[in-house]
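One structure is given below, encoded as structure tokens.
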Amino acid sequence: MTVEPTEKLEGTPLIKPSTTDHPLYEQVVEACRSVYDPEIPVNIYDLGLIYTIEIGNENEVDVTMSLTAPGCPVAGEMPGWVADAIEPLPGVKQVDVELVFEPPWGMEMMSDEARLELGFM
């Protein structure tokens, strides 16, 4: 059986789970909250643009993120902003940020705080 790239295998999540039990996780989340999309007055974490934060045994941080739209004017810069926010954290060995568009971002990915801030609640 071949699986097309847009299909998902039965039981496989569209977004890989984050390493929420790692001691650095909350600090990495707060660092992500310091990055804003210049067109929207809400941080990228609460917008739901950070899909996965994976932290390895050597404190290497891999972030999978998206944008509100593929044509976002800061598409080339935003992954660097995220890496620059996380790298200075004590204990972080290295940071890699991957930009993906599958699954596509949707307004349902925003936190309640973001919806409230933007007037959707």
Check which residues have an amide H placed less than 5 Å from Tyr51's amide H, if you skip close sequence neighbours.
Thr64, Met65, Ser66
Listed values [x] 1.02; [y] 0.98; [z] 0.93, entry calculated as Rg/Rh (Cα atoms, Kirkwood Rh)
[y]
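Based solely on its DSSP helices, what 222 nm [θ] is calculated for the chain when runs of n ≥ 4 H residues each add -39,500 (n - 2.57) and the sum is averaged over all residues, nearest 500 deg cm²/dmol?
Details: 4 runs with 27 residues, N = 121.
About -5500 deg cm²/dmol.
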Could you identify which residue out of Thr68, Thr52, Thr20 has the top mean-square fluctuation in a GNM of the chain using Cα springs shorter than 10 Å?
Thr20
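Indicate, rounded to the nearest 5 percent, the antiparallel portion of the DSSP beta bridges found entirely in the stretch 25-117.
On the way: 6 of 12 bridges.
Around 50 percent antiparallel, to the nearest 5.
Taking 8 Å as the Cα distance limit and 6 or more residues as the minimum spacing, I'd like the relative contact order of the stretch 30-117 as a percentage. Mind showing how you got there, number by number?
Details: 128 pairs, mean separation 29.2, N = 88.
It comes to 33 percent, rounded to a whole number.
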For the chain, built as a Gaussian network whose Cα springs stay under 10 Å, the top-fluctuating residue of Met65, Met78, Met107
Met107
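Every number here is computed from the coordinates shown, using simple stated rules; none is lab data. All figures in this text were calculated on a predicted structure; none of them were measured in a lab.
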